[in-house]
Amino acid sequence: MKFEALFRILNGFRAARVLVLGDVMLDRFVYGSVERISPEAPIPVVNVDRFLDMPGGAANVARNIAAMGAQVMLLGVVGEDVCAEDLRTQLASSPTIESHLIADSSRPTTVKTRYVADGQQVMRADRESRVPLPAGIERILLGEFAVALRHAAVVVLSDYAKGVLSDSVTRAAIDIAHSAGKTIIVDPKARDFGKYRGATMLTPNRLELQQACGQECATDAEVVEGARRILGRKVCDVMIVTRGKDGMSVVQAGGAAMHLPTAARQVFDVSGAGDTAVAAISLGVAAGAEVGEAAALANIAAGIAVGKRGTATVTSVEILSALTPLDGRTDPQKIFALDTVLQLVRSWREQGLKIAFANGCFDLLHPGHISLLEQARRSADRLVVGLNADLSIRRLKGPHRPVQSEVARATVVAAIKSVDAVVIFAEDTPINLIEILEPDVLVKGADYTLDKVVGADFVIGRGGRVVLADLVTGHSTSGTVKRVAGFSGS
């Protein structure tokens, strides 16, 4: 698939708005080590080092949509407990997730607790209720769904079989969305896919398809045959089947099947990879992609997710950086994920090269930006630019910024001759990035003083230096935005 088409779709993610309804949960990871076997039973004793909680299930779909730069509305049901508050707090930290979690005193908040010892998951314990929702909670949920639907282009039903998407809720949600002309994407869990009749597309994994169609689905041909059985029952129009190491298959009613090889380079953790794929598919469709294009982006996103530990999210720029080697251009690609840019920095150091680091939003690039980057490059042998993610800029500058998406900003900055690498960071400051990359030179504009430069103490403490670059007067993104707003209002 052509890079230009996929880039256009990625750049359209930011304008998308998706509604997610389903089973929200808390994914809890307990990390430690094993040094002995319990004398009480033949089981390992985990010496716990730390805990990590993350939004999971439908909440992880929403978190991935937000990480890819889009707006998302999340509807789900939780208990009246501490875990529900933890989940609400975590979701509230993202400015592009609008969550409506309805409290049901008759059930606990679903929590999946994974025990990981020395990098290996040794046990999982689930706290959950699978019973359907009480009638009153069901009415409230569907009422909020109907209201939220007005503001969404695409609907995702994330079914983890925890009772929220009962037969009645699923039927009602699909009917409401179908009547409103919305695209309906279902990540299914039921053995009988007839439950989802009327959906636009289903995204089962290989095992879920196998259980639903009643036959082995190991080979390409078997997957296609199984998917066509479901399509023949008029359940949906499209089946996108995730197949682990065998990649992804797209089967459409009346169309040729498409098989995508896995994009995973290494696999650390498959937790939540399906959520990442569904998020990318929904955004691709919302951005105007053909089904095959949306699946191609989702396949890449899932490949990135399994290379991370825990219930991970993937950004649109990470997808872009994985896309560009397929572009066929001769210029070296400059947009990298953090682990890749760290390898680059290490290789440059082995060659005796000095590394400079500069950071910023770089929204609506102007001569002042170009001057700063050129000065930064002259201060060392290589220049790495840290770019604020869209979510970071929204927190710092408000809901109407950035003007350009992180994909567009990264692409423009990477095209500048003086820049050797671009890496996105989601935090409000680049201190974590600086401490990981350990640059020899840290560069900021001369409108800063040394004590205000984030990371200055760290770099100087390692024997590096801070350069305050000369400014080009009369240029600022904020000023440009205000002038444009003035023109449009006149």
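The helices (runs of 4 or more DSSP H) falling completely within the stretch 198-309 that include 1 or more residues that are within 20 Å of THR183 (Cα to Cα) map to 220-232, 273-286, 291-305.
Taken as a whole, the stretch 412-430 holds no residue that is in a helix (DSSP H, G or I), in contact with a Leu (Cβ under 6 Å, 6 or more places away or on another chain) and buried (at least 23 other Cβ atoms within 10 Å of the Cβ). Sub-8 Å Cβ pairs linking a first residue in the stretch 120-146 that is within 21 Å of VAL20 (Cα to Cα) to a second residue that is in a strand (DSSP E or B) and open to solvent by 60 Å² or more (accessible area, probe 1.4 Å), at least 6 apart or interchain, are GLU144/HIS100, ordered by first then second residue.
Taking strands (runs of 3 or more DSSP E) that do not extend beyond the stretch 108-175, which have at least 1 residues that are modelled with pLDDT under 95, open to solvent by less than 40 Å² (accessible area, probe 1.4 Å) and at negative phi? The qualifying strands (runs of 3 or more DSSP E) are 111-117. State yes or no: is SER392 in a helix (DSSP H, G or I), touching a residue at least 60 places away in the same chain (Cβ under 8 Å), touching a strand residue (DSSP E or B) at 6+ places or on another chain (Cβ under 8 Å) and open to solvent by less than 30 Å² (accessible area, probe 1.4 Å)? Judged against the criteria, SER392 is not a match.
Please tell me if ALA408 is open to solvent by less than 60 Å² (accessible area, probe 1.4 Å), in a strand (DSSP E or B) and among the small types (Gly, Ala, Ser). Show your work before the answer.
Numbers: open to solvent by less than 60 Å² (accessible area, probe 1.4 Å): yes; in a strand (DSSP E or B): no; among the small types (Gly, Ala, Ser): yes.
Answer is no for this residue.
If you go through the stretch 10-34 and keep only what is among the small types (Gly, Ala, Ser) and either part of a strand (DSSP E or B) or free of Cβ contacts under 8 Å to residues at least 12 places away in the same chain (or both), you end up with GLY22, GLY32, SER33.
For the criterion of being crowded, with 24+ Cβ neighbours inside 10 Å and without any contact (Cβ under 8 Å) to a residue 40 or more places away in the chain, ILE300 passes. Scanning the stretch 60-70 for any residue that is in contact with a Cys (Cβ under 9 Å, 6 or more places away or on another chain), closer than 29 Å to ILE184 by Cβ and either modelled with pLDDT of 95 or more or open to solvent by 10 Å² or more (accessible area, probe 1.4 Å) (or both) turns up nothing. Taken together, LEU87, LEU101 contain a single residue that is within 20 Å of GLY274 (Cβ to Cβ), touching a residue at least 12 places away in the same chain (Cβ under 8 Å), of a type in the set (A, V, I, L, M) and buried (at least 16 other Cβ atoms within 10 Å of the Cβ), which is LEU87.
Restricting the stretch 35-53 to residues that are outside any strand (DSSP E or B) and open to solvent by 70 Å² or more (accessible area, probe 1.4 Å), the residue that is farthest from ASP126 (Cα to Cα) is PRO39. PHE362 meets each of the listed conditions (1) open to solvent by 10 Å² or more (accessible area, probe 1.4 Å); (2) part of a helix (DSSP H, G or I); (3) hydrophobic (A, V, I, L, M, F, W, C) apart from (2). Scanning the stretch 176-188 for residues that are surrounded by fewer than 17 Cβ atoms within 10 Å (Cβ to Cβ) and assigned to a loop (DSSP other than H, G, I, E, B) yields ALA180, GLY181.
Would you confirm, using the coordinates I've provided, whether PHE7 is assigned to a strand (DSSP E or B) and of a type outside the set (Lys, Arg)? Against the criterion (assigned to a strand (DSSP E or B) and of a type outside the set (Lys, Arg)), PHE7 does not qualify.
Looking at the stretch 192-226 only, could you name the residues that are among the hydroxyl-bearing types (Ser, Thr, Tyr), open to solvent by 30 Å² or more (accessible area, probe 1.4 Å) and over 16 Å from MET258 (Cβ atoms)?
The initial filter retains those residues of the stretch 192-226 that are among the hydroxyl-bearing types (Ser, Thr, Tyr), namely 196, 200, 203, 219.
Imposing the further condition that a residue be open to solvent by 30 Å² or more (accessible area, probe 1.4 Å) reduces the set to 200, 219.
Of everything in the stretch 192-226, just one residue is among the hydroxyl-bearing types (Ser, Thr, Tyr), open to solvent by 30 Å² or more (accessible area, probe 1.4 Å) and over 16 Å from MET258 (Cβ atoms), namely THR200.
Close contacts from the stretch 171-188, counting a first residue that is of a type in the set (Ser, Thr, Tyr) and a second that is modelled with pLDDT of 95 or more and open to solvent by 10 Å² or more (accessible area, probe 1.4 Å), with Cβ to Cβ under 7 Å and a gap of 6+ residues or different chains, come to THR183/THR200; THR183/VAL285. Number of residues in the stretch 317-332 that are assigned to a loop (DSSP other than H, G, I, E, B) and either open to solvent by less than 60 Å² (accessible area, probe 1.4 Å) or modelled with pLDDT of 80 or more (or both): the value is 0.
The values are calculated or read from the model by the stated rules, or taken from the named source; none is laboratory data. These numbers come from a predicted model, not from an experiment. Quick reminder, even Gly has a Cβ in these numbers, built from the backbone with ideal geometry, and neighbours come from all protein chains shown. Accessible surface areas use protein heavy atoms only, side chains included; no ligands, DNA or RNA. Shrake-Rupley method; radii C 1.70, N 1.55, O 1.52, S 1.80 Å.
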